[in-house]
Amino acid sequence: MTFPADRQRIADQLNLGSELLYLSRHDVEHLQLTRDAVVELTRQALVEHGHRRYEMPAKIGVHPYDNVFYHAMPAYLPGPGIVGAKWIECYPDNPRRFGLPQTTGLLVLNDVESGVPLAVMDSAWLTAMRTPAVTVLAAAALHPGATTFGMFGCGVQGREHVRYAALALPRLETVYVHDANEAAADALITQLQPELGVRIIKGESAEAVTKSAEVLSSATVILREPLAVVKDEWVTAGQTILPCDLNTFWDPRTSHRADKYIVDSVEEHELFASMGYFPDGLPEVVAETGEVLAGVKPGRENADEIIVNSNIGMAVCDIAVGHAIMHRALERGVGLRLPL
């Protein structure tokens, strides 16, 4: 699959400059863009990023409350001609206080040639899909022979990580899951075990999961002060750790002693560090995720390396997947056309 970047296809279906396409959460979810397609679009965007063929400033934001952030995430991919921005909010207490998702947002896409808005869409599904796609692409590159995968956090992101791991790791046999809320882990297993060809086991503890899996990922809460749920002494040679929750879930000592510390975006990690999300300091970064996928810099070079790869989400991936969603919606007549 390639980026659907034909401007004329859009102009044939949308009155550019006079209307835009609005896609609700229901619209986006029911367009049924496959996980294989999301993985491939994400891979292409990461490779573009690895080759420096992009423009993407570090996230800027506002912070009404402690541990809450709103981020503006603009990006431009000149190769396929895609430009847009995601406006995303993170409220860690939303599930407990209001029964709402921790993360919500909107994606806006524009026409590169004229600048006019093309589409506005809910970005919850998109974010939930492209985040685990990045994780498993990195896992496949850094630990291609992995037979075991450990997932911390069994919410929406956790479930999709398990699905994507089964898709992208060809030798995967067993997935271990853990959540502070045991009911969430049970629900994940009940839902996913019938559909996946790997064993899914609820770990007895965070320590047990850490010591059982070659590849580990976490999608929990994002907080300034590290929770350090996974202790450094539990991590052993040869493991690959792929956090989606910054420095929150893991003992900071692990990232600092890792043989390689890789991030999706150096600029964005430095920004979060300046905001206090790495109180022990940002570890030395040896490469970006896209550079590894593009073959610009090496990933795993020996079996005993401990590798930590922190991926916090990049707008280049959002606009690549969002652009494909927009094309599919136009082709199928999905969404609401709004006058400009």
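General remarks:
- Figure legend. Inter-residue proximity from the stretch 207-223: first residues among the aromatic types (Phe, Trp, Tyr), second residues surrounded by 24 or more Cβ atoms within 10 Å (Cβ to Cβ) and not in a loop (DSSP other than H, G, I, E, B), beta-carbon distance below 9 Å, spacing 6+ or different chains. No pairs are indicated.
- Among all positions in the stretch 19-29, there is at least one residue which is closer than 24 Å to Thr220 by Cβ and surrounded by fewer than 16 Cβ atoms within 10 Å (Cβ to Cβ).
- Only one of the listed residues (Val108, Val116, Val83) is farther than 14 Å from Ala315 by Cβ and either open to solvent by 10 Å² or more (accessible area, probe 1.4 Å) or not polar (S, T, N, Q) (or both). That residue is Val116.
- First in the stretch 311-332 and touching a residue at least 40 places away in the same chain (Cβ under 8 Å) and of a type in the set (S, T, N, Q), second anywhere and assigned to a helix (DSSP H, G or I) and crowded, with 24+ Cβ neighbours inside 10 Å, Cβ under 7 Å, 6 or more apart: Asn311/Val134; Asn311/Thr135; Asn311/Ala138; Asn311/Thr289
- Failed item in (1) farther than 21 Å from Asp36 by Cβ; (2) modelled with pLDDT under 95; (3) buried (at least 19 other Cβ atoms within 10 Å of the Cβ), with Tyr176 passing the rest: (2)
- Among (1) touching a Phe, Trp or Tyr at 6+ places or on another chain (Cβ under 6 Å); (2) in a loop (DSSP other than H, G, I, E, B), the one test that Glu89 misses: (2)
- Out of Ala138, Ala166, sole residue that is in contact with a strand residue (DSSP E or B) (Cβ under 7 Å, 6 or more places away or on another chain) and small (Gly, Ala, Ser): Ala138
- Scope the stretch 1-50; condition among the β-branched types (Val, Ile, Thr) and under 25 Å from the mean Cα position of the chain (by Cα); matching residues: Thr2, Val28, Thr34, Val38, Val39, Thr42, Val47
- If you filter the stretch 1-28 down to residues that are at pLDDT below 95 and in a helix (DSSP H, G or I), you find that the one that is nearest to Ser123 (Cα to Cα) is Ile10.
- Being in contact with a His (Cβ under 7 Å, 6 or more places away or on another chain) and among the β-branched types (Val, Ile, Thr) holds for only one residue in Ile10, Ile82, and it is Ile82.
The values are calculated or read from the model by the stated rules, or taken from the named source; none is laboratory data. Just so you know, these numbers come straight off a predicted model, no measurement behind them. So basically every Cβ, Gly included, is an ideal-geometry build from the backbone, and we count neighbours across all protein chains shown. Each accessible area value is taken on the protein alone, full model and side chains, heavy atoms only, with ligands, DNA and RNA left out. Shrake-Rupley method; radii C 1.70, N 1.55, O 1.52, S 1.80 Å.
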